[in-house]
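Working notes, structure below.
The values are calculated or read from the model by the stated rules, or taken from the named source; none is laboratory data. Everything numeric in this text was worked out from a predicted model, so none of it was measured. Ideal geometry is used to build each Cβ from the backbone, glycine not excepted, and the neighbour counts take in all protein chains shown.
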Ligand code: NAD
Ligand code: UDP
C-alpha cells in the first residue's frame, strides 16, 4: 500500500485516479482548491477510511509523508485556463515546485500530468516525444502551454540537480463521465448540445483533428507509468485514432438520435490544426495501449450526460 497525494483530485481526471487508487488499496490525500473541480466528483469517497480531502491551493507549500505524488492541479480547458491566465501560469509553475519540493524532502516519486499542448500547433505529424513543438509564447493558449512546458523543465532540473524521481506523461484529449458541464471542451459541448436539441457549434470548417482517449485508458496509462522503473519519460498517453471535429459532430448527432443541426462559428485563434498521439514509446516502455474505441467511450459518456442534465 502506498501513501499517495493527488493534486487536482476533485477534477475530471483526478477523481477517476482517486477511485482507481482507493480500489487498488492505497491511501489517498486529495488536494484541490475546487476552482474547476467539484466535491460531487469525490463525494462517494469522502467517508472512505483511506481517503482524505484537503481544500487548498497547490501554489502554497504543502507537507505530508507520501510515497507517490500525482500532480494534476491545473484548469485544463481553454475557457477556464484563459479566464485568469496569470493564475494558470502560477498554478503550473508554483504548483509543480510545491510538488517537487515535497518529493525532494520525502523521497516520493512524482508524476506530472503534462499535455499534448506542449507540441503547440505541430509541424510534425503524428507527434512523438522527440518533437520539441511549435508553441506561440504570446498567444492566449500560452499560459497553459508554456506553463506546462516550464513544469516539465522544472521536473528535469530537480531530477538532474537533486535526484528527484520524476515521471512525465503527455496526455492527449481525454473524455468521459465527470467532464465538467460548462468547460467548453468539444466532446462535452457536442453531447450536451445534441441532448438538448441545440445547434452543434463547430469552430471553423470542422477539418481540424484530435485524437480522443477514453478516461479509463488514461488512468491505466498513468498507473503503468507511476509503477515503471528507470523511465522518466516524457511519454505520450493518448489514443492514436484521429478524427476531424466534423466527424465527431456527426457521430454524436447519430448516436444521440438528435435533431440538432451543425453550425459553423468563426475559427478560434491559435487553435492547433491537427493532433495525433504517436504511442510507440508507451507501448515499448510500459506495454500500454488504449483499448476503448471512440464509439464505445462516447456511448458511456452520452449515458452519463443523460443522467446529469
Ligand atoms: P479539471 O479542470 O477537471 O481538473 C483540474 C483540477 O485541478 C480541478 O479539480 C481544479 O479545481 C484543480 N485546481 C486547479 N487549480 C488549482 C490550484 N491552484 N490548486 C489546487 N487545485 C487546483 O481538468 P482535467 O481534465 O481533470 O485535467 C487534469 C490534469 O490533466 C490537468 O493538469 C490537465 O492539464 C491535464 N490534462 C488533461 C487533459 C484532458 O483532456 N482532460 C489533456 C491533457 C492534460
Ligand atoms: N471545438 C469546436 N466546438 C466546440 C468546442 C471545441 O469546434 O464547441 C473545437 C476546438 O476549436 C478545437 C477542438 O474542437 O479545434 C478541440 O477543442 P477542446 O477545447 O476540446 O480541446 P483542445 O483544443 O484543448 O485540444
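Things worth noting here:
- Summed over segment 246-283, residues that are within 18 Å of residue 298 (Cα to Cα) and assigned to a helix (DSSP H, G or I) total 11.
- Residue 145 vs. criteria within 15 Å of ligand 2 (Cβ to nearest atom) and touching a residue at least 24 places away in the same chain (Cβ under 8 Å): yes
- Every condition in (1) within 15 Å of ligand 1 (Cβ to nearest atom); (2) closer than 20 Å to residue 72 by Cα; (3) not in a strand (DSSP E or B) is met by residue 190 except one, and the failing one is (2).
- Residues that are in contact (Cβ under 8 Å) with a residue 24 or more places away in the chain, in contact with a helix residue (DSSP H, G or I) (Cβ under 7 Å, 6 or more places away or on another chain) and within 24 Å of residue 58 (Cβ to Cβ), drawn from segment 117-140: 117, 118
- Boolean, residue 183 is within 16 Å of ligand 1 (Cβ to nearest atom), assigned to a helix (DSSP H, G or I) and either more than 20 Å from residue 127 (Cβ to Cβ) or more than 20 Å from the chain's Cα centre (by Cα) (or both): no
- Hits in segment 193-239 - residues which are free of Cβ contacts under 8 Å to residues at least 60 places away in the same chain and part of a helix (DSSP H, G or I): 227
- Tally of residues being within 14 Å of ligand 2 (Cβ to nearest atom) and on the phi > 0 side of the Ramachandran plot across segment 75-122: 1
- Screening 199, 183 for residues that are closer than 17 Å to residue 271 by Cβ and either modelled with pLDDT under 95 or in contact with a strand residue (DSSP E or B) (Cβ under 7 Å, 6 or more places away or on another chain) (or both) leaves exactly one candidate, 183.
So that you can scan it fast, the table gives a plain yes or no per residue for (1) within 15 Å of ligand 2 (Cβ to nearest atom); (2) touching a strand residue (DSSP E or B) at 6+ places or on another chain (Cβ under 8 Å):
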site	(1), (2)
265	yes, yes
268	yes, yes
272	yes, yes
279	no, yes
288	no, yes
297	yes, yes
304	no, no
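- Residues that are surrounded by 14 or more Cβ atoms within 10 Å (Cβ to Cβ) and either within 15 Å of residue 75 (Cβ to Cβ) or more than 17 Å from the chain's Cα centre (by Cα) (or both), drawn from segment 141-157: 141, 142, 143, 144, 145, 146, 147, 148, 151, 154, 155, 156
- Qualifying residue in segment 67-84 (condition: in contact with a helix residue (DSSP H, G or I) (Cβ under 6 Å, 6 or more places away or on another chain) and farther than 20 Å from residue 169 by Cβ): no
- Considering segment 209-227, the residues that are buried (at least 18 other Cβ atoms within 10 Å of the Cβ) and more than 18 Å from residue 291 (Cα to Cα) include one that is nearest to ligand 2 (Cβ to nearest atom), namely 209.
- The numbered conditions (1) surrounded by fewer than 16 Cβ atoms within 10 Å (Cβ to Cβ); (2) within 15 Å of ligand 1 (Cβ to nearest atom) are all true for residue 138 except (2).
- When 243, 299 are checked against the criterion of being surrounded by fewer than 16 Cβ atoms within 10 Å (Cβ to Cβ) and either more than 19 Å from the chain's Cα centre (by Cα) or assigned to a strand (DSSP E or B) (or both), a single residue qualifies: 299.
- Residue among 206, 176 that is within 29 Å of residue 18 (Cα to Cα) and either surrounded by fewer than 22 Cβ atoms within 10 Å (Cβ to Cβ) or in contact with a strand residue (DSSP E or B) (Cβ under 8 Å, 6 or more places away or on another chain) (or both): 176
- The set of residues from segment 1-29 being closer than 14 Å to residue 53 by Cα and within 16 Å of ligand 2 (Cβ to nearest atom) comprises just one member, 11.
- Taken as a whole, segment 36-44 holds no residue that is within 16 Å of ligand 2 (Cβ to nearest atom), modelled with pLDDT of 95 or more and surrounded by 23 or more Cβ atoms within 10 Å (Cβ to Cβ).
- Among residues of segment 295-309 that are modelled with pLDDT under 95, those with a Cβ under 8 angstrom from a residue that is in a helix (DSSP H, G or I) and exposed (fewer than 15 other Cβ atoms within 10 Å of the Cβ), sequence gap 6+ or separate chain, pair up as 309/196.
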